[in-house]
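What follows is a single structure, written as structure tokens, with notes after it.
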Amino acid sequence: MTKVIIDCDPGHDDALAILLAGQHLDILGITTVAGNQTSDKVTANALKIVELMDRTDIPVFRGAQIPLLRKAIHAGHIHGDTGLDGPDFPAPVKEVEDRHAVDFIVQTLMAEDDVWLVPVGPLTNVALAIRQCPEIVSRMAGISLMGGSLTTGNSTATAEFNIWFDAEAARIVYDSGAPIKMCGLNLTQQANATDREIERIRNQGNRVGEVVVQLLEFYLDAGERVTGVRKAALHDPCAVAALIQPDLLEFEAMHVSVETRGELTYGMTVCDYRHLRGFGSSQVDRGPLRQEANVEVAMKIDASGFLDLLIDALGRY
Amino acid sequence: MSEPRHRIIYDTDPGVDDSMAFFLVHASPEIELLALTTVFGNGGIETTTANALRLVETAGRPDIPVLRGAANPLLHAYDGRGAMVHGSDGLGDSHMPPSSLLPAEGRAAHFIVERIMAAPGEITLVAVGPLTNLALAVSLEPGIVDAVREVIIMGGAATVAGNASPAAEANIHNDAAAARIVFEAGWPLTMVGLDVTQATIMSSAYLDDLYAIGNPATDFIARIVPFYHRFHTRQGVDGIYVHDSSAIMYAIDPTLFETRSAYVRVCLGHEGTRGQTIPDWRAQWQAEPAVNVCLGVDAERFKAMYRERLTNGFA
């Protein structure tokens, strides 16, 4: 089984990502990062999720509590006051590990081969790990992340939340030379949950599924308030699916970096896909500013295949 | 003296003046040195770490751990410009043999967090290179802001021009984003910048007297300083500026310095202002936190103390 560290800020779709990974991947640890909610809340939520899936053997590590340079602005309007509103979770009995998330990431990558990082929150922990121990870049199997966008943003016109929350950290990660698979908004908005998916999960009739139904009902309500449409993009599980069943997704290699100085574009993932629009190929006709591809950007996802994979995994608990 | 005034972690990028400051630490009973943490700056991280090991070995203190720190600034790559001032080996092209010591296990930022959190209110950080390790440490564990006793940095320029650029002092210029984090963290921070470090000049005659002391520390200094001295001569300075030792001297005896408190904005800008440190003396930005900025120094008493320490500390 593919070994992963899931770095997350749960978060409704984070919870789904962990549940999906739990059936198909070897989760070495879950590290938390402030993002959708505060560090205290998302760390408690990670503990709730491993208890829900009856996998308290998975260690949970607390990571960065604040972005590198900016003030934290959380996403309570989407994920609620707890960050995981909807179901009534019991207060977690399991405790967070003593070690710092970044220390766990560094030590694990240095000690074990072929480990994937799956960051589905802001990239603060990954950036701190890379800057403290750059050797991890060549040790890791790669990074499969949810963040950014080839096209439009959500937090701003051009920036997706995870990147916008800590754009400097994202800049460090994208520029690090690590092999990156990126599931951005352009991709995740093709992978939506609707009431139909909620019904399918409910019909599987298991306890975990029932909790997920309550999560998704809250998440769809929030999505409907924000977009006016009763559907919600299942962002984070896409980055997990990319490792479980890569043929569900189509990728294009291109250069991507992160804007940290723009007046209108702070946190934008600037994707150079000119070669896909007829402005020369990625191999020839390079302009002076054309840089080597550093990211596999997910362009398309087989949405029904993805939903089948996710719902099947939820039914296995 | 019974109790040391400070227990310090010395975050450093040796570096010629870093080395001179290290020997001042070693010769000063007011300071208990817990560890050296290294950072790129005056040389690459391999160079500065190798030099830190040379320093503890030369001082006969192989028990002091050396922790390897950041190899690059937060948001860009190290530009390698330290060699121009400090030589290709960071020690004035003295090309000394490598130390037989090895760095301790672990990395600087993590070590800083662990030590400070384990001894709340006790440890002082003295940082004389780019502030990358301190920024990483406070990002890893914001609790060190309350747990550290004091933070003293050599860097910045409040009322004088920069040296790495017209606007910026070299340590801040080397990692402005890290400096922004450190200046805004809200811990008790003293900035020992060019305002005072360029006001203390060790003249050629002073250096000759220092070299003549003839102990292991001054012999080491005599080998590494001439390259650094020639760089200053080319800049029109008779002697050398005393940068990093000023931060150590502040820890030893703050009465040598005049200070003033203000919020200091570290510029991240790309139009030539990267790394500029702007003090808001009139509180017009109404921003916090305030930083303790050194503006004046009793250079004669400073230099007499330095020479006295280097004479007697290795007797």
Please find, among A:ASP247, A:ASP221, A:ASP236, the residue that is of a type in the set (D, E, K, R) and open to solvent by less than 10 Å² (accessible area, probe 1.4 Å).
A:ASP236
Conditions: (1) at pLDDT 95 or above; (2) open to solvent by 50 Å² or more (accessible area, probe 1.4 Å). B:GLN235 meets all but one. Number of the miss?
(1)
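Collect the residues in the range B:59-70 that are within 14 Å of another protein chain (Cβ to nearest Cβ) and either among the hydroxyl-bearing types (Ser, Thr, Tyr) or open to solvent by less than 20 Å² (accessible area, probe 1.4 Å) (or both), keeping them in residue-number order. Let's see the steps before the verdict.
Step one: of the range B:59-70, the residues within 14 Å of another protein chain (Cβ to nearest Cβ) are B:67-70.
Listed by number, the residues that qualify are B:LEU67, B:GLY69, B:ALA70.
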Being more than 14 Å from every other protein chain (Cβ to nearest Cβ), assigned to a helix (DSSP H, G or I) and open to solvent by less than 20 Å² (accessible area, probe 1.4 Å) is true for just one of A:ASN125, A:ASN162. Which residue is that?
A:ASN162
Would a scan of the range A:301-312 turn up a residue that is out of contact with any Pro (no Cβ under 9 Å at 6 or more places or on another chain) and over 27 Å from A:LYS3 (Cβ atoms)?
yes
Kindly list the number of the only condition in (1) open to solvent by 10 Å² or more (accessible area, probe 1.4 Å); (2) part of a helix (DSSP H, G or I); (3) modelled with pLDDT of 95 or more that fails for A:ILE105.
(1)
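Output the residue which, of all residues in the range A:108-122 that are open to solvent by less than 20 Å² (accessible area, probe 1.4 Å) and in a loop (DSSP other than H, G, I, E, B), is farthest from the other protein chains (Cβ to nearest Cβ). If you could, list the steps in order and put the result at the bottom.
Applying the first criterion (open to solvent by less than 20 Å² (accessible area, probe 1.4 Å)) to the range A:108-122 yields A:108-109, A:115, A:117-122.
Narrowing further to those that are in a loop (DSSP other than H, G, I, E, B): A:120-122.
Working: A:VAL120: 20, A:GLY121: 15, A:PRO122: 12 Å.
Only one residue tops the list, namely A:VAL120.
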Hey, any hits in the range B:261-274 for a residue that's in contact with a strand residue (DSSP E or B) (Cβ under 9 Å, 6 or more places away or on another chain), in a helix (DSSP H, G or I) and either hydroxyl-bearing (Ser, Thr, Tyr) or open to solvent by 10 Å² or more (accessible area, probe 1.4 Å) (or both)?
no
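Tell me the residue from B:THR37, B:THR49 that is within 14 Å of chain A (Cβ to nearest Cβ) and assigned to a helix (DSSP H, G or I), please. Write out each step before concluding.
Working: B:THR37 fails: assigned to a helix (DSSP H, G or I).
One residue alone meets the criteria, B:THR49.
Residues that are assigned to a helix (DSSP H, G or I), on the phi < 0 side of the Ramachandran plot and modelled with pLDDT under 95: does the range A:58-77 have at least one?
Yes.
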For the range A:128-142, name all the residues that are facing chain B (nearest Cβ under 9 Å) and either in contact with a Phe, Trp or Tyr (Cβ under 7 Å, 6 or more places away or on another chain) or assigned to a loop (DSSP other than H, G, I, E, B) (or both).
A:CYS133, A:PRO134
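Could you tell me which of the residues B:THR277, B:THR259, B:THR273, B:THR311 is out of contact with any His (no Cβ under 8 Å at 6 or more places or on another chain) and farther than 24 Å from B:GLY162 by Cα? Before the answer, list the steps.
Values: B:THR277 fails: farther than 24 Å from B:GLY162 by Cα; B:THR259 fails: farther than 24 Å from B:GLY162 by Cα; B:THR273 fails: farther than 24 Å from B:GLY162 by Cα.
Sole residue among the options that is out of contact with any His (no Cβ under 8 Å at 6 or more places or on another chain) and farther than 24 Å from B:GLY162 by Cα: B:THR311.
Being of a type outside the set (A, V, I, L, M, F, W, C), open to solvent by 20 Å² or more (accessible area, probe 1.4 Å) and part of a helix (DSSP H, G or I) is the filter here; which residues of the range B:193-205 pass it?
Within the range B:193-205, the first condition is being of a type outside the set (A, V, I, L, M, F, W, C), and the residues that meet it are B:193, B:195, B:197-198, B:200, B:203-204.
Adding the requirement that they be open to solvent by 20 Å² or more (accessible area, probe 1.4 Å) leaves B:198, B:203-204.
Listed by number, the list holds a single entry, B:SER204.
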Filter the range B:238-260 down to the residues that are open to solvent by 70 Å² or more (accessible area, probe 1.4 Å) and part of a helix (DSSP H, G or I) and list them by number.
B:THR255
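Within the range B:126-192, which helices (runs of 4 or more DSSP H) (wholly inside it) include 3 or more residues that are within 22 Å of A:VAL33 (Cα to Cα)? If you could, list the steps in order and put the result at the bottom.
Working: elements: B:132-140, B:144-147, B:170-174, B:176-184.
In the range B:126-192, the matching helices (runs of 4 or more DSSP H) lie at B:132-140, B:144-147, B:176-184.
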Six or more apart or on different chains, Cβ atoms under 8 Å: show the pairs whose first residue is in the range A:53-64 and within 14 Å of chain B (Cβ to nearest Cβ) and whose second is of a type in the set (Phe, Trp, Tyr) and open to solvent by less than 70 Å² (accessible area, probe 1.4 Å).
A:PHE61/A:PHE104
Quick one: in the range B:105-132, which of the residues that are in contact with a Phe, Trp or Tyr (Cβ under 9 Å, 6 or more places away or on another chain) and within 14 Å of chain A (Cβ to nearest Cβ) is farthest from B:ALA77 (Cα to Cα)?
B:LEU131
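Among the residues in the range A:78-98, are any part of a loop (DSSP other than H, G, I, E, B), open to solvent by 10 Å² or more (accessible area, probe 1.4 Å) and under 24 Å from A:GLY142 (Cα atoms)? Full working, then the answer.
We begin by selecting, within the range A:78-98, every residue part of a loop (DSSP other than H, G, I, E, B); these are A:80-98.
After this cut, where a residue has to be open to solvent by 10 Å² or more (accessible area, probe 1.4 Å) as well, the list is A:81-82, A:85-98.
Still in the list and also under 24 Å from A:GLY142 (Cα atoms): none.
Among the residues of the range A:78-98, not one is part of a loop (DSSP other than H, G, I, E, B), open to solvent by 10 Å² or more (accessible area, probe 1.4 Å) and under 24 Å from A:GLY142 (Cα atoms), which makes the answer no.
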Looking across the range B:149-177 at residues that are in contact (Cβ under 8 Å) with a residue 40 or more places away in the chain and over 28 Å from B:VAL237 (Cβ atoms), the single one that is least open to solvent (accessible area, probe 1.4 Å) is B:ALA177
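Being open to solvent by 60 Å² or more (accessible area, probe 1.4 Å), within 14 Å of chain B (Cβ to nearest Cβ), at pLDDT below 95 and over 20 Å from the mean Cα position of the chain (by Cα) is the requirement here; does A:GLU263 meet it?
Numbers: open to solvent by 60 Å² or more (accessible area, probe 1.4 Å): yes; within 14 Å of chain B (Cβ to nearest Cβ): yes; at pLDDT below 95: yes; over 20 Å from the mean Cα position of the chain (by Cα): yes.
Spelling it out, A:GLU263 is indeed open to solvent by 60 Å² or more (accessible area, probe 1.4 Å), within 14 Å of chain B (Cβ to nearest Cβ), at pLDDT below 95 and over 20 Å from the mean Cα position of the chain (by Cα).
The values are calculated or read from the model by the stated rules, or taken from the named source; none is laboratory data. Since the model is a prediction, treat every value here as computed from it, not as a measurement. We place every Cβ from the backbone using ideal geometry, glycine too, and count neighbours over all the protein chains shown. All accessible areas refer to the heavy atoms of the entire protein, side chains included, with ligands and DNA or RNA removed. Shrake-Rupley method; radii C 1.70, N 1.55, O 1.52, S 1.80 Å.
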